[in-house]
Amino acid sequence: MSILQIPYREGRDGFWGEQTSTLNWCEEDYNITYYCAELVNTLTNLMFMWLGVKGLRNVLEFKHSPIFILAYVGYLVVGLGSMAFHATLKYEMQLADELPMIYTVFIMCYATFSYKRSPRTQLLIASIMVGLGIFITVYYLYAKNPVFHQVAFALITATTIFRGFYVMEYQLRPQLRERNPTACSRIMREMWTLALVSIITFVGGFFIWNMDNIFCRHLTTAKNQLQLPWSIVLEGHGWWHILTGLGAYEMILWRIWLVRCLSGEEEKFMLDWRPWRSIPQVVPRTHKGATKSS
């Protein structure tokens, strides 16, 4: 068994030099490799790369609303920024991780509030979003307070989600009852399931992230006893990346499916998904790659 237990390196110096970021995580710096400050936290962002490319291909292939191209590009930028941040622990790379999170959720917020509005109203909503984005950016650069960033991100995300719930129940459900009563219950059940699974996945990642912060000292002791590669499973911030990457992807898909149904296209498209067992996608009903028929 000792052959399968690789000890961490003792040195704490690294290729990228002194940490300048305002945050550091429980994974010990340069413990696995000299060239990457937090290797596990860096590599777990590959979840964003995989799902971001998958989402972009889905939008382009099936001609979903162009706003979701921007959403998935933002999603990819968040993943790339997070990889750069955890690899270097430099303040500039921290900003490349955190600020795109704000901008990407603003894109989704715009998609939620501007749907089927007049051009003038859409422009007003876009102006408000841009203004808020600039304010958050400038204040965060001045204050350098991670709590402010986290609270701002949480508030924008919650606003977007609750607006989506309102649209589902007070706009989509009445439309489906009138237009497609036989499919109404099934479609609404699918949509609520996708929304709740995405939220549970996201909140689960947030919970593990906080447990990683609170019990870091005990986890570090356990990791040094387990040694590599087994200790990797105790890197809680890495699990945050995996779970929030999946949860955010599912939230974007939820909005895509909602837009298709609001547009009266529920008979042309379907939510191809097995909850907890597959990655969701919104595809034409004639798509050969679908794993489920609705």
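Checking each residue in region 65-112 for being basic (Lys, Arg) and either modelled with pLDDT under 95 or in a helix (DSSP H, G or I) (or both) picks out no residue at all. Of all the residues that make up region 233-267, how many are charged (D, E, K, R) and in contact with a His (Cβ under 9 Å, 6 or more places away or on another chain)? Selection size over region 233-267: 1. Any idea how many residues of region 71-88 are under 13 Å from residue 249 (Cα atoms) and not β-branched (Val, Ile, Thr)? Result for region 71-88: 6.
Per the conditions (1) touching a Gly at 6+ places or on another chain (Cβ under 8 Å); (2) surrounded by fewer than 19 Cβ atoms within 10 Å (Cβ to Cβ), the sole criterion not satisfied by residue 146 is (1). Test residue 250 against the stated conditions and say whether it is in contact with a strand residue (DSSP E or B) (Cβ under 6 Å, 6 or more places away or on another chain) and either open to solvent by 30 Å² or more (accessible area, probe 1.4 Å) or in contact (Cβ under 8 Å) with a residue 24 or more places away in the chain (or both). In short, no. For region 253-275, which residues satisfy the criterion of being buried (at least 23 other Cβ atoms within 10 Å of the Cβ), modelled with pLDDT under 95 and out of contact with any Pro (no Cβ under 9 Å at 6 or more places or on another chain)? Of everything in region 253-275, just one residue is buried (at least 23 other Cβ atoms within 10 Å of the Cβ), modelled with pLDDT under 95 and out of contact with any Pro (no Cβ under 9 Å at 6 or more places or on another chain), namely 266. The residue that is nearest to residue 239 (Cα to Cα), among those in region 165-215 that are aromatic (Phe, Trp, Tyr) and in contact (Cβ under 8 Å) with a residue 24 or more places away in the chain, is 209. One residue stands out among those in region 30-56 that are open to solvent by 20 Å² or more (accessible area, probe 1.4 Å) and part of a loop (DSSP other than H, G, I, E, B): the one that is modelled with the highest pLDDT, which is 44. Looking only at region 1-21, which residues are modelled with pLDDT of 90 or more and open to solvent by 60 Å² or more (accessible area, probe 1.4 Å)? Of everything in region 1-21, those that are modelled with pLDDT of 90 or more and open to solvent by 60 Å² or more (accessible area, probe 1.4 Å) turn out to be 15, 16, 18, 19, 20. So, in region 113-141, exactly how many residues are part of a loop (DSSP other than H, G, I, E, B) and free of Cβ contacts under 8 Å to residues at least 40 places away in the same chain? Of the residues in that region, 2 qualify.
The values are calculated or read from the model by the stated rules, or taken from the named source; none is laboratory data. Since the structure is predicted, the reported quantities are computational estimates derived from the model, not experimental observations. We place every Cβ from the backbone using ideal geometry, glycine too, and count neighbours over all the protein chains shown. Please note that ligands, DNA and RNA were not included when accessible areas were found on the heavy atoms of the full protein model with its side chains. Shrake-Rupley method; radii C 1.70, N 1.55, O 1.52, S 1.80 Å.
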